[in-house]
Amino acid sequence: YRFGSPIGNVFYVNSATGTNSAGFGHSPEAPFASLAYAFSSDRCTANNDDYIIIAPGHTETVDAASDIAADIAGVTVIGLGSGSNRPLFTFATDTAATIAISAADITFSNLQVKTTKDELVSMFVVSAANVTIDRVDYVDNTTNQAIQFLLTTAAADYLTVKNLFHWKGTAAAATEK
């Protein structure tokens, strides 16, 4: 039990050893290969207090708008590891690439994000209430920058953003937010 209520399903993600297909994701020995698949696999149950645990050293590329669609309410995503061994999400091909959070009560914790695409518009787009982004660190380089780390809509009530480390080596050419 967690805080007096049962924990829902627990799913595991590891890009080094995972497989994106049915029958995987339920143990660290047979994980999914990507967070995008974990959200799209119809495994998580809305408002069930489900967890997605991401292995240390996991890497994943975000290539398009809503490439990772966090659209199942009540899911907590936790990256394992510390420092540079935490899961890393790289925004690579399209300036519109995003992690879209469109369901309420979602948490992202202990992750790293970076871009290899210059002038990336926004890494996270939040359009739901009670979302938490905790310990999600962004470090860019002097060649590729994000214009904004986070974009919200009017529906993003009670958004919590905390414990972030955000470092930019060079200002983006477009107006930053």
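The values are calculated or read from the model by the stated rules, or taken from the named source; none is laboratory data. Everything numeric here is computed off the predicted structure, so don't read it as measured data. Accessible surface areas use protein heavy atoms only, side chains included; no ligands, DNA or RNA. Shrake-Rupley method; radii C 1.70, N 1.55, O 1.52, S 1.80 Å.
Given H placed 1.01 Å from N in the peptide plane, which residues other than close sequence neighbours of Leu150 have an amide H under 5 Å from its amide H?
Amide H neighbours of Leu150, under 5 Å, 5+ apart: Met123, Phe124.
Please list, ordered by chain and number, the residues whose modelled amide H lies under 5 Å from the amide H of Thr61; skip anything fewer than 5 residues away on the same chain.
Hits under the 5 Å cutoff: Thr90.
Taking N as the number of residues in the chain, what value does Rg over Cα atoms divided by 2.2 N^0.38 Å take?
This ratio for the chain stands at 0.99.
When the Karplus curve 6.51 cos²θ - 1.76 cosθ + 1.60 is applied with θ = phi - 60°, which whole-Hz ³J(HN,Hα) does each residue of region 133-142 get, with x for Gly and Pro?
10, 10, 6, 10, 9, 10, 10, 9, 10, 7
Tell me, what HN-Hα J-couplings in whole Hz come from the Karplus equation 6.51 cos²θ - 1.76 cosθ + 1.60 at θ = phi - 60° for each residue of region 98-105, using x for Gly and Pro?
8, 9, 9, 10, 10, 10, 6, 6
Report the gain in length on full extension from Ala30 to Lys162: 0.36 nm times residue separation, minus Cα-Cα distance, nm rounded to one decimal. Working shown, then result.
Details: separation 132, 0.36 × 132 = 47.52 nm, distance 3.18 nm.
Here the segment from Ala30 to Lys162 would lengthen by 44.3 nm.
Please list the non-local residues whose amide H lies under 5 Å from the amide H of Thr98, H modeled 1.01 Å from N, same-chain partners needing a gap of 5 or more.
Ala64, Ala65, Ser66, Asp67, Ile68
Let me understand region 1-93 better: what is its radius of gyration from the alpha carbons, and its Dmax, in angstrom?
So, for region 1-93, Rg and Dmax equal 13.0, 44 Å respectively.
Could you tell me the distance between the Cα centroids of region 127-162 and region 29-91, to the nearest Å?
16
GNM on the chain, C-alpha springs below 10 Å: top fluctuator among Val125, Val77, Val161?
With Cα springs under 10 Å in the chain, the top fluctuation among Val125, Val77, Val161 is at Val161.
Counting only C-alpha contacts under 8 Å and six or more residues apart, can you give the relative contact order of region 68-177 as a whole percent?
Once divided by the residue count of region 68-177, the mean separation gives 24 percent.
Over the chain, with a Gaussian network built from C-alpha contacts below 10 Å, which listed residue (Ala16, Ala36, Ala69) shows the highest mean-square fluctuation?
Highest fluctuation among the options: Ala16.
Please report the relative contact order for region 15-138, taking Cα pairs under 8 Å with a sequence separation of at least 6, and give it as a percent rounded to a whole number.
Computed value for region 15-138: 21 percent relative contact order.
Can you tell me the accessible area per residue over the chain, all protein chains present, probe 1.4 angstrom, in square angstrom?
Working: 8050 Å² over 177 residues.
Value returned for the chain: 45 Å² of accessible area per residue.
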